[in-house]
Amino acid sequence: MMLRKTSLILLASSLLLGCQFEAEHREKPPLVVELLEVTAPISSQFRIFNGVVEPADLTPLSFRVEGELSQIVVKEGDRVKQGDVLATVNSDKFKQNLDNAQVRYELAARQLERGQDLYQREMVSSAELDELSATSKLAKAQRDTAKTFVRYSRLKAPFDGVISSVDKKKHENISPGEVVLTLYKEDQLHVKINVSDSILAMMDPTGRNRNYQPLVSFAGNEKRVAMHYLEHTSELHPQSQSYEFWLHREQITPEILPGTSATVYVDMVSAGMGNLHGHLIPMTAIYSGESNNDFYVWKLENNLAQRYPITVDQITGLGAVVSKGIEQGDTIINSNLRKLRAGMEIKGAAL
């Protein structure tokens, strides 16, 4: 029995070794993908941008003095009037300093008054009177400074508005300039959109078409309202790699709250920007990079896959309008994008 088992084991091992020598190394077949040929560019007079309502004149508020927050009398969403007290810090130290400064000022004022009387009777010199006068002025300045610090212990609303956020809590210690809460104007409506460098290069909002007003609609309110150009950034946003562009107007009824999504409709010709030109390709042919507005396509060149950056100017129900990165006649890959590597051999389906 032992010999039979050993023989079987040896025989099986021999068969396995024989199989190993007979194994063939087959080459990996090329990846099969769907291909598209880029057709003639399209031209459109109208352009739609997605945006969001931003708080108008969002203003961070902070104390000019340090101390412990003794009271916060507002919460997020509260409406306030100009001059309303929003928060206070412990003012005991400032009030004590004011009391001391007031006593010093009153003493200096009495000494100055007595010195003026003595000077009239030629009992003190003009130099002594000047010294008393200087002491009185210094005491008055110190008293006024103490009053200012007491006033600074109360944080007041600089204008009528709505509390956007409350960033601190009662009993927290704060430093001068440290943001306690933010306030925005509710009677104004601001909309922010992001535009590419190619679109911004076509814009001239302060030129001869500065009176053009795009139409804007809001989520939950399909009525379109005209808005004016406000401002735009001069540098690319580090995350979105686009420029931020703001529109504004007075608030409408019902009120549109910050954070509401907006749709901006632009007549490119009326805005002095000309028609929108680009190639329409399906979204399935676009590969997203690591950051926002970082898009690529894979082109087939000599049966090899090559990746190219593109600029997407608009997304429609039919696909994406690409203004840079592709040309008519290019062959682009429309499937298995995540499996592709630069220089990979490709076997494409018929165009």
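The values are calculated or read from the model by the stated rules, or taken from the named source; none is laboratory data. Keep in mind that this is a model prediction, so the values were computed, not measured. Virtual Cβ from ideal backbone geometry, glycine too; neighbours counted across all protein chains shown.
Brief remarks follow.
- The condition of being over 40 Å from the mean Cα position of the chain (by Cα) and among the hydroxyl-bearing types (Ser, Thr, Tyr) holds for only one of Ser125, Ser70, that being Ser125.
- Among the residues listed as Ser136, Ser164, Ser91, the single one being closer than 30 Å to Gln251 by Cβ and among the hydroxyl-bearing types (Ser, Thr, Tyr): Ser164
- Failed criterion for Ile48 (all others in (1) over 30 Å from Asn303 (Cα atoms); (2) at pLDDT below 65 hold): (2)
- Checking each residue in segment 323-351 for being modelled with pLDDT under 90, buried (at least 18 other Cβ atoms within 10 Å of the Cβ) and hydrophobic (A, V, I, L, M, F, W, C) picks out only Ile346.
- Looking only at segment 151-181, and only at residues there that are among the small types (Gly, Ala, Ser) and assigned to a loop (DSSP other than H, G, I, E, B), the one that is nearest to Val80 (Cα to Cα): Ala157
- For segment 317-351, a residue qualifies if it is among the hydroxyl-bearing types (Ser, Thr, Tyr) and out of contact with any Ser or Thr (no Cβ under 9 Å at 6 or more places or on another chain), and exactly one does: Thr331.
- Filter result for the condition that a residue is assigned to a loop (DSSP other than H, G, I, E, B) and surrounded by 13 or more Cβ atoms within 10 Å (Cβ to Cβ), over Pro258, Pro238: Pro258
- Scan of segment 300-317 for residues that are under 28 Å from Tyr265 (Cβ atoms) and surrounded by 15 or more Cβ atoms within 10 Å (Cβ to Cβ), ordered by number: Ile310, Thr311, Val312, Asp313, Gln314
- Scanning segment 241-255 for residues that are in a loop (DSSP other than H, G, I, E, B) and more than 22 Å from Ser288 (Cα to Cα) turns up Gln251, Ile252, Thr253, Pro254, Glu255.
- Residue tally, condition modelled with pLDDT of 95 or more and of a type outside the set (Val, Ile, Thr), over segment 225-236: 2
- Hits in segment 110-165 (condition: in contact (Cβ under 8 Å) with a residue 60 or more places away in the chain and in contact with a helix residue (DSSP H, G or I) (Cβ under 7 Å, 6 or more places away or on another chain)): Phe149, Ser153
- Reported count of residues in segment 187-201, each being closer than 20 Å to Ala226 by Cβ and among the charged types (D, E, K, R), is 2.
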